[in-house]
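Read the structure below first, then the notes.
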Amino acid sequence: MELPNIPYKVSHRAVKYPRIEFKTGKLLLILPPGYKPDRLLEKHRSWILKKSRFIEDCLKDVSNKKIVERTGGEFKDLIHFLAKKASKEVGERLNKIYFRTMRTKWASCSSKKNLTINKLMRFLPEPVLRYVIFHEIAHLKEKRHSDRFWKRISKKFDDYQELEKDLLIYWFQVAGRLEQKNCGKTVFELED
């Protein structure tokens, strides 16, 4: 089955269940060996179309968002400050903060209470950084994106849906900027 104007890639992997990802703005079907993509595309057609329209809307807004220029040191200091504040608000103590380049996400927080920050977040404005850090630390209380999780988020960020959209817009902008600087080759390595 084809979706109108929505190109997709298929990756057959040793997974038990098929899944759909739009993490980088492109549709990727991750399928168990021998699984046909048609079933998955048909089953999730309306979600795929909705997500695709959302991404198209975000791409229209890319030029409206300004990226921030800060040094690696300024960025790390700001992240440590914001993480300390968010940890206190959530009521969870972080173990360590790591900085590394990540290809599909802005940040993550492990069950060992380690916060990993994508170095590309250096270009995001402070309100967006504050949101990402709070979001990740909130996962220490609520593991999944459940209704309870979003309720917790909305108490602190009533505009969280707009912030989620901003994150996608900034992803396209930052990745595009790096691509231009590296002559079309996406290189996600930044100095510390």
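Odds and ends about this structure:
- In the range 1-111, counting only strands (runs of 3 or more DSSP E) that sit wholly within it, the ones holding 1 or more residues that are surrounded by fewer than 16 Cβ atoms within 10 Å (Cβ to Cβ) and over 19 Å from the mean Cα position of the chain (by Cα) span 8-12, 96-100.
- Where a residue in the range 121-145 is outside any helix (DSSP H, G or I) and its partner, wherever it lies, is of a type in the set (Val, Ile, Thr), with Cβ under 7 Å and at least six apart: 124/68; 125/68; 140/90; 141/90
- Flag for residue 179 being modelled with pLDDT under 95 and not in a helix (DSSP H, G or I): no
- Residue check, residue 155 over 22 Å from residue 57 (Cα atoms), charged (D, E, K, R), out of contact with any Pro (no Cβ under 6 Å at 6 or more places or on another chain) and modelled with pLDDT of 95 or more: yes
The values are calculated or read from the model by the stated rules, or taken from the named source; none is laboratory data. In this text, all values refer to a predicted model and were calculated from it rather than measured experimentally. Positions of Cβ are generated from backbone atoms using ideal geometry, with glycine treated the same way; all protein chains shown enter the neighbour counts.
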